[in-house]
Amino acid sequence: MLSAAEVCLRNTLVTRLTEMYGQNWWEDPAFLLQIRSGGKRIVKTAGDKLANTGAVTSGRMTAELNFGFWVKMLLPRHEAVFWPNFHANFSHLPAAVSYERLYKRCDDVREFRNRIFHHEPILHRNITAEYSQIMELIKWFSPDKATWIKTYSRVMTVVRQKP
């Protein structure tokens, strides 16, 4: 479910970046100017790593960049450049969901994902609420994917068995 949220986010963002900057969006000077020095370093490091193991393609670059990088593509300073037509770019997003709310939700999911991936305890958290927020985020990107995941997810079954 966490991986699905990340993939949904990055695929949506890469679609937009490709529209704006072409297949090699990560090389475009305008893109690099927008993401500033910190983002440039991350992209360069990813590109160098990929170049050592084969061709640098959009698919490989997309997968190489981490969830934090993708969430930062929604920072407020990017809204006017990347997302001037916000709801058109996120076509499944309810009209009531603001740009700020989407960014916050993505960042909250990223933070929760990092706690899990770094093997930190999460038992003190409200897993039901976390699950609902992640599923809602996935639905904002792909209602079909959210439905499919919900069909096969065992999260709520396991939560109900928690001691």
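Before I look further, what does the chain give for accessible area per residue, probe 1.4 Å, in whole square angstrom?
On the way: 9260 Å² over 163 residues.
On a per-residue basis, the chain sits at 57 Å².
Determine the distance separating the Cα centre of segment 49-65 from the Cα centre of segment 104-163; give it in Å without decimals.
One Cα centre to the other: 28 Å.
Taking the Cβ-Cβ separation of residue 158 and residue 107 as r and a Förster radius of 25 Å, what is the calculated FRET efficiency to the nearest 0.05?
Working: r = 25 Å, r/R0 = 1.01.
It comes out at approximately 0.50.
Answer with a single label: of (1) 9; (2) 19; (3) 23, which was calculated as percent of Cα pairs over 29 Å apart from the structure in view?
The value computed from this structure is option (3).
Of the options 68, 11, 30, report the single residue whose Cα projects farthest towards the positive end of the charge dipole of the chain (beta-carbon charges: Lys, Arg +1; Asp, Glu -1).
My answer, from the dipole projection, is 68.
Label segment 90-163 by shape, choosing from rounded, prolate and oblate, from the square roots a ≥ b ≥ c of the eigenvalues of the Cα gyration tensor; if a/c is under 1.5 it is rounded, and otherwise prolate applies when a/b is larger than b/c, oblate when it is not.
It comes out oblate by the Cα gyration axes.
Nearest 10 degrees is fine. How inclined is helix 127-141 to the longest principal axis of the chain, computing both from alpha carbons?
40 degrees
Please work out the FRET efficiency for the pair residue 150 and residue 128, using the Cβ-Cβ distance as r and a Förster radius of 22 Å; give the result to the nearest 0.05. Please report the intermediate quantities before stating the final value.
Details: r = 14 Å, r/R0 = 0.62.
With R0 = 22 Å, the Cβ-Cβ based efficiency is 0.95.
Determine the dipole magnitude for the chain: charges of +1 sit on the beta-carbon of Lys and Arg, -1 on that of Asp and Glu, nothing else is charged, the reference point is the Cα centre, and the result goes in debye to the nearest 20. Working shown, then result.
Numbers: 23 positive and 15 negative charges, 83 e Å.
Dipole size: approximately 400 debye.
Could you give the angle, 0 to 90 degrees to the nearest 10, between helix 99-117's Cα long axis and the longest principal axis of the Cα atoms of the chain?
Between the helix axis and the principal axis of the chain, the angle is about 70 degrees.
Mind pulling the angle between the C-alpha long axis of helix 143-152 and the longest principal axis of the chain? Nearest 10 degrees, somewhere in 0 to 90.
With both axes taken from Cα atoms, the answer is about 40 degrees.
Taking a spot 7 Å from the Cα of residue 37 along the direction of its beta carbon, which residues of segment 58-98 have an amide N less than 11 Å from it?
From segment 58-98, the list is empty.
The values are calculated or read from the model by the stated rules, or taken from the named source; none is laboratory data. All values reported here derive from a predicted model rather than from experimental measurement. Here the Cβ is made from the backbone with ideal geometry for all residues, glycine too, and neighbour counts use every protein chain on show. Please note that ligands, DNA and RNA were not included when accessible areas were found on the heavy atoms of the full protein model with its side chains. Shrake-Rupley method; radii C 1.70, N 1.55, O 1.52, S 1.80 Å.
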